[in-house]
Every structure is written in C-alpha cells, then in structure tokens.
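**Q** Below you will find the structure I want to go over with you.
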Amino acid sequence: TTMCSNKRGALIVVEGVDRSGKSTQCKKLVEALEQANFPAKLMTFPDRTTLTGKLIDDYLKNKDCKLNDQAIHLLFSANRWENVEKMKSLINCGVTLVIDRYSYSGIAFSAVKKVMNLDWCKQPENGLPKPDLVFLLTISLEEMLTRPGFGNERYENMSFQNNVANMYNSLCSDKDNWVKINAAGSIEEVHKKLVDISLNTIREVESLPLKSLYF
Ligand code: ADP
Ligand code: FDM
Ligand code: MG
C-alpha cells in the first residue's frame with residue numbers, strides 16, 4: 001500500500017473563454033502551491049493522450065472525422081470519466097489538482113450549439129468528482145483580441161466564444177464555489193488572486209470528503 005497524507009488535496013478548476021489565460025494561470029498556480037509546500041498537479045481537459053483524447057484532438061483539428069454533436073459531447077465526457085480513479089487517488093493522497101477546463105466547458109461548448117438542450121448536456125457529467133473551487137476568468141472580447149490570436153481549431157471564432165462567455169455566466173450564477181476573476185489584469189495580478197483563494201480552499205476542505213457533481 002502507498003503511504004497517503006491524512007489530509008486530502010483540493011479539486012480546483014479554471015474555466016474561461018479562449019485566451020482568458022487559463023493555461024498560463026494553471027501552470028503558475030501549480031508552481032506556487034508546490035513552492036508553498038502543498039503538493040499539486042496540473043491536469044488538462046481534454047486529455048489528448050488517451051484513446052478518446054485522440055478522437056477529440058482530430059475533431060478539434062477539423063480532421064476527417066464524422067462525429068455528430070451528441071457523439072463528440074459524450075466523448076468529451078468519457079474523457080473525464082476515464083480519469084476519475086486517477087483524480088480520486090491523487091486527491092485522497094493529499095495532492096491538489098489544478099484542472100485546465102472541466103465539465104463546465106463540456107456543457108457550455110455543447111449547449112451553445114442549440115442542438116441538445118442544456119439539461120441533456122449536463123447529464124453525463126453527473127457523478128464526476130465535484131470541484132471545491134471553480135475560477136471563471138472573465139475578459140471582454142476587445143481585451144481578448146489584444147492577445148495572440150485564434151488558431152485553426154474548431155470553436156476558435158468570435159461569435160462562438162461570445163456565446164460560450166454568456167453560457168459560462170449563466171452556469172456561474174448563484175454557485176458558492178465559483179469565483180469570477182477579472183482576467184484583464186496582468187499575469188502576476190491574476191496569479192496572486194488565484195493563489196490566495198486556492199490556499200484558503202485547500203485549508204478549508206482538507207478534512208472534508210470530496211463530493212460528487214450533481215446538476
Ligand atoms: P487560454 O489557455 O485561456 O487560452 P493562455 O494562458 O494560453 O490562455 O493565454 C493566451 C495568450 O495570452 C498567451 O499568449 C499568454 O501569454 C497571454 N496572456 C495570458 N494571460 C495574460 C494577461 N493577464 N495579460 C496579458 N496577456 C496574457
Ligand atoms: N471543449 C473542451 C469542449 O468542447 N468540451 C469539453 O468538455 C472540453 C473540456 O475543446 F474549444 C473545447 C473547448 C476548446 C477545446 O481547447 C479545447 P484548449 O485550447 O485545449 O483548452
Ligand atoms: Mg489553454
């Protein structure tokens with residue numbers, strides 16, 4: 001058996017539109033937590049390394065793969081489900097997971113297509129580990145345009161991102177574990193806020209059980 005800490009780690013998610021700074025902040029947050037002697041690990045969804053991840057990667061790169069909106073939605077969800085055991089064992093061993101996108105991306109990006117309704121989009125996420133803290137990095141579309149531009153992946157266009165931003169806002173309303181952060185500040189300003197709030201949450205949840213997500 002592996003030696004485990006008696007305190008669990010926290011599940012911290014970072015969400016936000018393209019170029020809001022999620023990947024930059026997740027990396028810096030993990031480094032800062034480690035420096036403060038709190039074991040931490042970065043995870044990213046989609047996890048493009050697994051079998052489902054390879055299909056998702058092809059889909060996002062617009063390669064010839066004929067997945068309809070329902071099928072890709074369920075693959076994104078399966079891509080989280082196949083990581084559940086790994087996530088739980090790390091958290092229960094005292095490691096804080098900092099996750100670049102999670103179920104809320106899954107719901108928001110699919111629901112804005114208006115093909116499946118919001119409730120349908122939420123269902124496959126039910127039962128996944130529930131984040132203790134969700135940061136929503138908010139940025140105006142004008143500010144976002146000042147940062148290095150869209151790539152060639154699916155969903156990387158203005159009108160889609162605008163709809164996603166609105167969907168994030170409605171998912172965020174009256175949820176006590178969500179914190180909106182103005183992501184237009186400098187990288188260091190945003191980082192300091194994320195570190196302070198994360199350290200509080202890590203201490204708050206260390207002896208509480210990890211919950212499951214239910215919509
Ligand atoms: P995301 O993962 O949300 O798409 P990234 O972290 O990849 O965003 O950042 C997108 C681009 O914006 C990168 O070039 C990054 O260096 C830059 N960037 C990130 N945060 C800031 C910030 N607070 N101010 C200015 N530029 C930023
Ligand atoms: N995305 C991401 C989804 O559509 N559903 C999901 O469940 C997740 C996790 O994939 F356009 C979309 C969001 C984004 C793309 O891009 C992943 P990044 O730049 O690797 O985060
Ligand atoms: Mg990113």
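**Q** Of all residues in region 137-147, count the ones that are in a loop (DSSP other than H, G, I, E, B) and of a type outside the set (D, E, K, R).
**A** Looking only at that region, the number is 3.
**Q** Could I ask something else about it? Check whether at least one residue in region 91-102 is more than 16 Å from ligand 1 (Cβ to nearest atom), in contact (Cβ under 8 Å) with a residue 24 or more places away in the chain, assigned to a helix (DSSP H, G or I) and under 13 Å from the mean Cα position of the chain (by Cα), and report yes or no.
**A** No, the conditions are met nowhere in region 91-102.
**Q** Test Ser207 against the criterion of being over 16 Å from Ser110 (Cβ atoms) and either loosely packed, with under 12 Cβ neighbours inside 10 Å or among the hydrophobic types (A, V, I, L, M, F, W, C) (or both), and give yes or no.
**A** Taking the combined requirement at face value, the residue satisfies it.
**Q** Can I ask one more? Could you check, for region 51-73, whether at least one of its residues is within 16 Å of the chain's Cα centre (by Cα), of a type outside the set (S, T, N, Q), within 23 Å of Leu210 (Cβ to Cβ) and within 16 Å of ligand 2 (Cβ to nearest atom)?
**A** Checked region 51-73: no residue is within 16 Å of the chain's Cα centre (by Cα), of a type outside the set (S, T, N, Q), within 23 Å of Leu210 (Cβ to Cβ) and within 16 Å of ligand 2 (Cβ to nearest atom).
**Q** Could you please give the count of residues in region 168-205 that are away from ligand 3 (no atom under 16 Å from the Cβ), among the hydrophobic types (A, V, I, L, M, F, W, C) and part of a helix (DSSP H, G or I)?
**A** 7
**Q** Can you name every residue in region 124-151 that is more than 15 Å from ligand 3 (Cβ to nearest atom) and over 18 Å from the mean Cα position of the chain (by Cα)?
**A** Hits for region 124-151 are Ser140, Leu141, Glu142, Glu143, Leu145, Thr146.
**Q** Just one of Phe76, Phe38 is more than 16 Å from ligand 3 (Cβ to nearest atom), closer than 22 Å to Val134 by Cβ, surrounded by 14 or more Cβ atoms within 10 Å (Cβ to Cβ) and among the aromatic types (Phe, Trp, Tyr); which is it?
**A** Phe38
**Q** Then there's this: Between Ala108, Ala165, which is in a helix (DSSP H, G or I), within 13 Å of ligand 1 (Cβ to nearest atom), of a type in the set (A, V, I, L, M) and crowded, with 17+ Cβ neighbours inside 10 Å?
**A** Testing whether each residue is in a helix (DSSP H, G or I), within 13 Å of ligand 1 (Cβ to nearest atom), of a type in the set (A, V, I, L, M) and crowded, with 17+ Cβ neighbours inside 10 Å leaves just Ala165.
Here is a yes/no grid of residues against (1) within 11 Å of ligand 2 (Cβ to nearest atom); (2) farther than 24 Å from Ser140 by Cα:
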| position | (1), (2) |
| --- | --- |
| Val14 | yes, no |
| Ser23 | yes, no |
| Cys26 | yes, no |
| Gln35 | no, yes |
| Lys41 | no, yes |
| Leu75 | yes, yes |
| Asn79 | yes, yes |
| Asn83 | no, yes |
| Leu97 | no, yes |
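**Q** So which of Lys66, Lys61 is modelled with pLDDT under 95 and under 23 Å from Ala111 (Cβ atoms)?
**A** Criteria check complete, one pass: Lys66.
**Q** Limited to region 122-136, what total is found for residues that are over 11 Å from Glu15 (Cα atoms) and either touching a Gly at 6+ places or on another chain (Cβ under 7 Å) or in a loop (DSSP other than H, G, I, E, B) (or both)?
**A** Here the count works out to 7.
**Q** Among the listed residues Thr44, Thr50, which satisfies the condition of being within 16 Å of ligand 3 (Cβ to nearest atom), of a type outside the set (D, E, K, R) and surrounded by fewer than 20 Cβ atoms within 10 Å (Cβ to Cβ)?
**A** Thr44
**Q** What pairs come up if the first residue lies in region 110-135 and is within 21 Å of Val179 (Cα to Cα), the second is charged (D, E, K, R) and surrounded by fewer than 22 Cβ atoms within 10 Å (Cβ to Cβ), and their beta carbons are under 6 Å apart, counting only those six or more places apart or on different chains?
**A** Pairs that qualify, where the first residue is within 21 Å of Val179 (Cα to Cα) and the partner is charged (D, E, K, R) and surrounded by fewer than 22 Cβ atoms within 10 Å (Cβ to Cβ), are Lys130/Lys211.
**Q** Looking at the structure I just gave you, is Lys180 touching a residue at least 12 places away in the same chain (Cβ under 8 Å) and under 29 Å from Gly9 (Cα atoms)?
**A** For Lys180, the condition - touching a residue at least 12 places away in the same chain (Cβ under 8 Å) and under 29 Å from Gly9 (Cα atoms) - is met.
**Q** Of all residues in region 183-192, which are surrounded by 14 or more Cβ atoms within 10 Å (Cβ to Cβ) and touching a residue at least 40 places away in the same chain (Cβ under 8 Å)?
**A** Once the filter is applied, which keeps residues that are surrounded by 14 or more Cβ atoms within 10 Å (Cβ to Cβ) and touching a residue at least 40 places away in the same chain (Cβ under 8 Å), region 183-192 yields Ala183, Ala184, Val190, His191.
The values are calculated or read from the model by the stated rules, or taken from the named source; none is laboratory data. Computed from a prediction, not measured in an experiment: that's the story for all the values here. Ideal geometry is used to build each Cβ from the backbone, glycine not excepted, and the neighbour counts take in all protein chains shown.
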